[in-house]
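The values are calculated or read from the model by the stated rules, or taken from the named source; none is laboratory data. Please read these numbers as outputs of a predicted model, since none were measured by experiment. Using ideal geometry, Cβ is built from the backbone for each residue, glycine included, and neighbour counts are taken over all protein chains shown.
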Amino acid sequence: MILFIKLFRESAMFAWTSIAANKLRTLLTLLGITIGIFAIISVFSVVDTLERQIRGSIASLGENVIYIQKWPWEFSADFAWWRYMNRPTPRISELDDVMRRTQVVEAAAFIASTSRTIEYLNRSMERIPVLSVSHDYDKVRNFEIERGRYFSPTESTAGRNVAILGYEVAQNLFQQTDPLGKNIKAFGRNIEVIGVFSKEGDDTFGNSHDESIVVPVTFISSFIDVNSDRYNPAILAKGKEYYSSEEVIDELRGAMRAIRRIKPTVDDNFALNQSSLLSKQFDGVFAVLKLAGWIIGGFSILVGGFGIANIMFVSVKERTSIIGIQKALGAKNYFILLQFLAEAVILSLLGGAIGLLMVFGVSWLATYAMDIDFMLTTKNILMGINISVIIGLVAGFIPAWTASRLNPVDAIRSNG
Amino acid sequence: MIQVKELKKNFGDLEVLKGINTTFERGKTNLIIGQSGSGKTVFMKCLVGLLEPDQGGVHYDNLNFTRMKGLERNIIRQKMGMLFQGSALFDSLNVEENVMFPLEMFNKDMSRKEKLERAHFCLDRVNILDANHLFPAEISGGMKKRVAIARAIANSPDYLFCDEPNSGLDPTTAIVIDQLISEITKEFQMTTVINTHDMNSVMEIGDHVVFLYKGNLCWEGSSEEILTTGNKQVEDFVYASELMRKLK
């Protein structure tokens, strides 16, 4: 093993000298590998970043939370929208029934959303999403309240004019002032601010509370028909721990069919959506993106591989007499093979490293320019390195094999 | 001692060596001379096993090297030192590393320290130890030859083969190198075989001279005898220059 390491070191040294002596040629040859690694790893990094964001957003929807809605979460091209058009929307009156008829549902909440202009003193914000929720909303959605508190049961049931502000809304309307206890104006009414959500950041599905306000549904139902389709009403049901989402869905389906008195032969007139449905749909998108990355980068790497094989053949030709002398001085075939393979791998790694640096630079720029946290993960870096090593080995093998099989007499005689 | 018996080598229809018989003795500098195309280089390559003879054989201390295979042959090859035409140093390695190369290749059991010590000893012997960290591009032609000699003797060879050791050197440096080869031959009791067409070398260090002519061993003897041989081919070669003719 020690001998192998020593020989490898020796080989690498020969390789490095050769590379350093032909900088421009080396750089041009490496361009294929560089572009290939850049293409593959940048696509993978983009996909990873999107995946992380989307999965984060899906997680924020709540684990084991089933959304009872009119429309199913389905994005396929052959989506039969007309089948769902005439379905009834979930109604707030169905919320209690759902809880009463199910055993595995831990909590359920009704939500409906609209948008309004929100005013405070002389400041106002237009088209701010107003989320009207029933009391157990805090049990089915994951969020944190930075200042203040959540609605009390009395406020929820009595329809008190209270609101919890999203972080950005609070920042814009109140700036340096403490919003707690202050009155904002919406729906022509004063609404008391009792809490401010923690900053949640951008969300792929727009589920962040940052730029919205939340009010009790009992309060808002005086101004709008929360059961109307235009306010996207939904019942969110969270399954009890230790029950799978399939069990929760089964029970909810039974409960909803009973509530709506749907005959056994008739299809459901509601959709039971869950976050894992979204995940599955995105899995396909990510797989296609990654495949595209492999195809684009693969062709580049193929070209790069041929470039490396070419430069290695030139290198063997240039060093033919040296190979002969090395053999005459006792160098074995495997030493020569290793020497040229090491050179090919170093070349390829160099190209890969430049590609990775480019990805790092671009992701750094994108992070600053687009305010998206692009990730160049260790897994992707290692993948880039592995691809480079494999390409180096594959591209360098035939030239290295040719070099190792050279007849020392012919080799010494050559002018190379 | 190297014994050459009925050595023949053909390249297709061309007979390059036509049955050579001679003996190269230990502790002596043996010179192979002859005109270009006489078969000197092929003869040397057959001696070291880089070419396989078609007939006859080469015997190293009574062991038939020609018939040996693989490992057996490697054992003999480890006892050979080689000095290539034009030094043939590795540009990427410094002087010290060049000398250590055959040690790295053949002596797997030697520690790095031992190899370094051996390299320093050899460099010291050829008076170039001070240049151990310099690279070939940083030293003169004569120094390169010294490094090449140090590399050739690094493995303490029993047999030293030199291909045109004076090529590219000025006459003064050439004599110094010749004498160095002769000295180490006697000092380490090696069997040294030198392929040359430099008459100065013949006269300076030729203990035993073999003259090849069109693939035949035309004449052999000492450097003193070569001047008075009476062999026409040898005389044509030795007295080829105007200077030698005047001296005669």
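The number of residues in region A:263-273 that are at pLDDT below 90 and closer than 11 Å to A:Glu74 by Cα comes to 1.
Of the residues examined, A:Leu365 is not one that is within 20 Å of A:Leu28 (Cα to Cα) and either more than 13 Å from chain B (Cβ to nearest Cβ) or free of Cβ contacts under 8 Å to residues at least 24 places away in the same chain (or both).
For region A:232-244, the set of residues classified as under 24 Å from A:Ser113 (Cα atoms) and either out of contact with any Gly (no Cβ under 9 Å at 6 or more places or on another chain) or assigned to a loop (DSSP other than H, G, I, E, B) (or both) consists of A:Asn232, A:Pro233, A:Ala234, A:Ile235, A:Ala237, A:Gly239, listed by residue number.
Screening A:Ser45 with (1) surrounded by 15 or more Cβ atoms within 10 Å (Cβ to Cβ); (2) modelled with pLDDT under 75 gives one miss only, at (2). Contact annotation: no residue pair with Cβ atoms under 8 Å, 6 or more positions apart or on different chains, pairs a residue in region B:143-155 that is more than 13 Å from chain A (Cβ to nearest Cβ) and free of Cβ contacts under 8 Å to residues at least 12 places away in the same chain with a partner that is among the β-branched types (Val, Ile, Thr) and part of a helix (DSSP H, G or I).
Under the condition of being part of a strand (DSSP E or B), under 14 Å from B:Val16 (Cβ atoms) and more than 13 Å from the chain's Cα centre (by Cα), the residues counted in region B:30-59 number 3. Screening region A:276-301 for residues that are among the aliphatic types (A, V, I, L, M) and touching a residue at least 60 places away in the same chain (Cβ under 8 Å) and picking the one that is nearest to the other protein chains (Cβ to nearest Cβ) gives A:Ile301. Scanning region A:201-260 for residues that are among the charged types (D, E, K, R) and touching a Phe, Trp or Tyr at 6+ places or on another chain (Cβ under 9 Å) gives A:Asp210, A:Glu211, A:Asp225, A:Glu251, A:Arg253, A:Arg257, A:Arg260. Inspect region A:370-391 for any residue being on the phi < 0 side of the Ramachandran plot and within 14 Å of chain B (Cβ to nearest Cβ) and give the result as yes or no. No, region A:370-391 contains no residue that is on the phi < 0 side of the Ramachandran plot and within 14 Å of chain B (Cβ to nearest Cβ). Of A:Gly181, A:Gly188, all but one fail to be on the phi > 0 side of the Ramachandran plot and modelled with pLDDT of 90 or more; the exception is A:Gly181. Taken together, B:Gly37, B:Gly27 contain a single residue that is surrounded by fewer than 17 Cβ atoms within 10 Å (Cβ to Cβ) and under 25 Å from B:Lys186 (Cα atoms), which is B:Gly27. For region A:128-138, the criterion of a residue being at pLDDT below 90 and crowded, with 17+ Cβ neighbours inside 10 Å is satisfied by no position. Being without any contact (Cβ under 8 Å) to a residue 12 or more places away in the chain, outside any loop (DSSP other than H, G, I, E, B) and out of contact with any Phe, Trp or Tyr (no Cβ under 8 Å at 6 or more places or on another chain) is the requirement here; does B:Asp124 meet it? The answer is yes for B:Asp124.
Restricting region B:43-73 to residues that are touching a Phe, Trp or Tyr at 6+ places or on another chain (Cβ under 8 Å) and within 14 Å of chain A (Cβ to nearest Cβ) leaves a set whose member that is surrounded by the most Cβ atoms within 10 Å (Cβ to Cβ) is B:Leu47.
Residues in region B:81-127 that are away from chain A (no Cβ under 11 Å) and among the charged types (D, E, K, R) were compared, and the one that is farthest from the chain's Cα centre (by Cα) is B:Lys113.
Residue by residue, here is whether (1) over 30 Å from B:Glu52 (Cα atoms); (2) free of Cβ contacts under 8 Å to residues at least 12 places away in the same chain; (3) out of contact with any strand residue (DSSP E or B) (no Cβ under 6 Å at 6 or more places or on another chain); (4) surrounded by 20 or more Cβ atoms within 10 Å (Cβ to Cβ) holds:
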| position | (1), (2), (3), (4) |
| --- | --- |
| A:Phe340 | no, no, yes, yes |
| A:Ile354 | yes, no, yes, no |
| A:Phe360 | yes, no, yes, no |
| A:Phe374 | yes, no, yes, yes |
| A:Trp401 | no, no, yes, no |
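A single entry from B:Thr229, B:Thr173 fulfils the requirement of being assigned to a helix (DSSP H, G or I) and either in contact (Cβ under 8 Å) with a residue 24 or more places away in the chain or not assigned by TED's automatic domain parsing to the domain that holds B:Ala119 (or both): B:Thr173. Taking the stated definitions as given, is B:Lys214 at positive phi and either in the same structural domain as B:Val126 (by TED's automatic domain parsing) or not β-branched (Val, Ile, Thr) (or both)? So B:Lys214 fits the description; yes.
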